[in-house]
Amino acid sequence: MTYRRRASPLHATRATAACAFCAALAAVALVFEHPLVLGAVILATVGAGCAAGVGRELRRAARAGVPLALAIAIVNPLVARDGVTLLVRGIDVPVLGRLDVTLEALAAGAVLGLRALAIVLCFALYAAAVDPDEVLRLFRRISFRSALTAALATRMAPVLARDARRLSDAQRCRPDGPASRATLVRAVAAGALDRAVDVAATLELRGYAGARRPPRERARAWSRHDLAFAAAAGALIALAVAARAGGVGAFAAGARLVVPLGPSEAALACALLACALLPFVDRRGIAR
């Protein structure tokens, strides 16, 4: 998954506010275990991705996230020993013991799967909608060479992936069948070393080897989109803190399954959705 500039409010936002927005969504998913709240986070992330024009990228991430969530939901009831509401009496396994399936363990596994899916989608939104070069510029004041190395690494990874696909397609045309994976890895690694030498020589000619400190740039004023997404991130964190302090969105799957579902939980889910999607209403100044 690679970043590509699109005409959307999130793409027009500076990296600081965009990172804070994605991190706030992930933080809400980590703080709460209530299924309604996790569903609201997933729905808010998907809605933000569609509004940002990266719905296809989120679908690709969901293809990996959904099987992971299902695996967690299936494995947890088999290994967890919590709960008293027995659903399925299992068999005795020498090391693991009796594999009984309880309602509480099943609910806990489903919640863990929802949380994993929400975090996968949040990181997919970050990868598809936040400019990685601008993120790395945030750290260049700390270590210019490290930021340059990370920038080159992130830029070379998609190039190497395309080289591997081209080599794999070319090998399929061989009459004696494709070569082994080890041969393909050796060819890609050799190409990576050649590219690294060429890039190093180019950077040396451009004076990067002697540069000790990057030139100071004039601070860019915060735009309406920067302020909107920064405010949305702050509102999401404030909602999470206030809800946890007030006991809203509590979930327990220990000895007994406790899933409160009332006006407070519904209001919290609606507020999370509104905070996450409101910054996309203003679409002025999002041209490429």
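If I filter region 247-257 for residues that are assigned by TED's automatic domain parsing to the domain that holds His34, closer than 26 Å to Leu138 by Cα and at pLDDT 70 or above, do I get at least one hit?
So in region 247-257, the residues assigned by TED's automatic domain parsing to the domain that holds His34 come out as 247-257.
Of the ones still in play, those that are also closer than 26 Å to Leu138 by Cα are none.
No, region 247-257 contains no residue that is assigned by TED's automatic domain parsing to the domain that holds His34, closer than 26 Å to Leu138 by Cα and at pLDDT 70 or above.
Under 6 Å between Cβ atoms, at least 6 apart or on separate chains: pull out the pairs that start in region 22-49 with a residue that is farther than 10 Å from Leu273 by Cα and modelled with pLDDT of 90 or more and end on any residue that is in a helix (DSSP H, G or I) and aromatic (Phe, Trp, Tyr).
Cys22/Tyr126
Name the pairs whose Cβ atoms lie under 9 Å apart, with the first residue in region 225-245 and in a helix (DSSP H, G or I), the second among the polar types (S, T, N, Q), and 6 or more positions between them or separate chains?
The qualifying pairs are His225/Thr13; Asp226/Thr13; Asp226/Thr16; Ala228/Thr13; Phe229/Thr13; Ala230/Thr13; Ala230/Thr16; Ala243/Ser264.
The values are calculated or read from the model by the stated rules, or taken from the named source; none is laboratory data. Bear in mind that the values here come from a model prediction, so they are computed numbers and not experimental data. Methodologically, a virtual Cβ is constructed for each residue, glycine included, from the backbone with ideal geometry; neighbour enumeration extends over all protein chains shown.
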